[in-house]
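Down below is the structure, laid out as C-alpha cells.
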Amino acid sequence: MENLENMIIIGEKINGFVPRTCKAIEERDEEYIKEIALKQAEAGADYIDCSPATTSGIGDTLEYMEWLVGLIQEVTDTPIALDSPNVDLLLEAMKLCKAPGIINSASLCEGKCDKVFPVIAGTQWGCVIMLDDDVRGIPSDAEGRVDNFKKVLEKAKEYGVKPEQLYFDPLVETLGANEEAFVTFGEVCRQIKATEPRCHITSGLSNISFQMPVRKMINMAFMCLSMQAGMDSAIVDPLNRDMMGIIFATNALLGEDEFCMDYITGYREGCFGPVQQ
Ligand code: THG
C-alpha cells in the first residue's frame, strides 16, 4: 500500500486497552495478533505500535512484550513502536527487534530521557517524547510544553541524538473538559516546527473526543488541523478508512503531494474510499 512520505503512521491496534486486543493477549490468541499486525502493515502503517499492558493489569512485562514482538515479526518487516510506561522494559525489548523502531515513550519525568538517549544515540532508533514533566505534570499552556521541548532538544544534543530521531508528543487533552485543548496543541506544534523543523511531532489523538458524541468527527477534524499545524506522524488505526482518507486528502491540500499522485495511488490501492471488489 501507499505510504506517505510526509506522514508517519504508527498503527495503534496492538494495545491491551483495546477490548478485542486485551482479550487476545489474555487468551494468548496468536492468530488474532498476527492478523492485525499484518493488516495494519498492509494498510500503510510505517510502524506497528506494541503496547502489551491490558485493562486487567497484566501484560506490561518482558514476557508479553517478547511474545507480541515475536508474533509481529513473524508476519511483517514493518518496524515496531515499543509502547510502555516502563522505560526499563522498553530498553530490554529493543534487543528483541530485528530492525530499528521507535521507543514510545520517554519524557523529562523520572529521568527517562537520560536513560533512553545514550542507548539510541548513533542508531536508527526513534523515540517519542511526551512533553510533561515531574513538577507540573502536563503544563496547561503552550509555553510550558514548549519549554519542556527545548529542554529535551538540548539534552538530545548533549547525548548525540539527532532531531530526526525525536517524535514529540505535545499531549492531547479532552475537548469536552477544555475547549482550548486543540488551540494549545496546535500552538505547541507550530512552535516546535519553527524551532527545529527536522524533528517529528506525533500524538495518540483519540483522547481529544473522549465522552463526545460521534467521536470520529472530532478525531478527523483534529487530524486535519494538527497536520496543518505541523504534526507529521500519528498513532492511529490504519484500518479506519475514513481517517486514512482524511490523512491523504489533507496531505494533498497542504501541497505535499505532487500531481496528487499519493492521493490517487492511495485510493487505487484501497487505503480509503468505497471498498473495491
Ligand atoms: N501518546 C503516545 N502513545 C500512546 C498514546 C498517546 N499510546 C497509547 C495511546 N495513546 C494511543 N493508542 C491507542 C490505541 C487504540 C485506540 C486508541 C489509542 C482505540 N482504537 C479503536 C480500536 O482499535 O478498536 C478504534 C480506533 C478507530 O476506529 O479509529 O481506541 O497519546 N506517545
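The values are calculated or read from the model by the stated rules, or taken from the named source; none is laboratory data. Everything numeric in this text was worked out from a predicted model, so none of it was measured. A quick note on method: Cβ atoms are made from the backbone with ideal geometry, for glycine too, and the neighbour counts reach across all protein chains shown. Quick note on the areas: whole protein, heavy atoms, side chains included, nothing else; ligands and nucleic acids left out. Shrake-Rupley method; radii C 1.70, N 1.55, O 1.52, S 1.80 Å.
In region 197-212, of all residues being out of contact with any Gly (no Cβ under 7 Å at 6 or more places or on another chain) and open to solvent by less than 40 Å² (accessible area, probe 1.4 Å), the one that is farthest from the ligand (Cβ to nearest atom) corresponds to CYS199. For THR123, the requirement of being modelled with pLDDT of 95 or more, open to solvent by less than 70 Å² (accessible area, probe 1.4 Å) and either of a type outside the set (Ser, Thr, Tyr) or over 19 Å from the mean Cα position of the chain (by Cα) (or both) is met. Residues in region 213-259 that are open to solvent by 60 Å² or more (accessible area, probe 1.4 Å), part of a helix (DSSP H, G or I) and either more than 23 Å from HIS200 (Cα to Cα) or among the polar types (S, T, N, Q) (or both): ARG215, LYS216, MET217, GLN228, ARG241, ASP242, PHE259.
For region 126-142, filtering for residues that are open to solvent by 10 Å² or more (accessible area, probe 1.4 Å), more than 13 Å from LEU153 (Cα to Cα) and in contact with a Leu (Cβ under 8 Å, 6 or more places away or on another chain) leaves 4. Screening GLU66, GLU30, GLU35 for residues that are within 15 Å of the ligand (Cβ to nearest atom), open to solvent by 20 Å² or more (accessible area, probe 1.4 Å) and touching a helix residue (DSSP H, G or I) at 6+ places or on another chain (Cβ under 9 Å) leaves exactly one candidate, GLU35. In region 46-56 there is at least one residue matching the filter, namely being open to solvent by 50 Å² or more (accessible area, probe 1.4 Å), in contact with a Gly (Cβ under 9 Å, 6 or more places away or on another chain) and among the small types (Gly, Ala, Ser).
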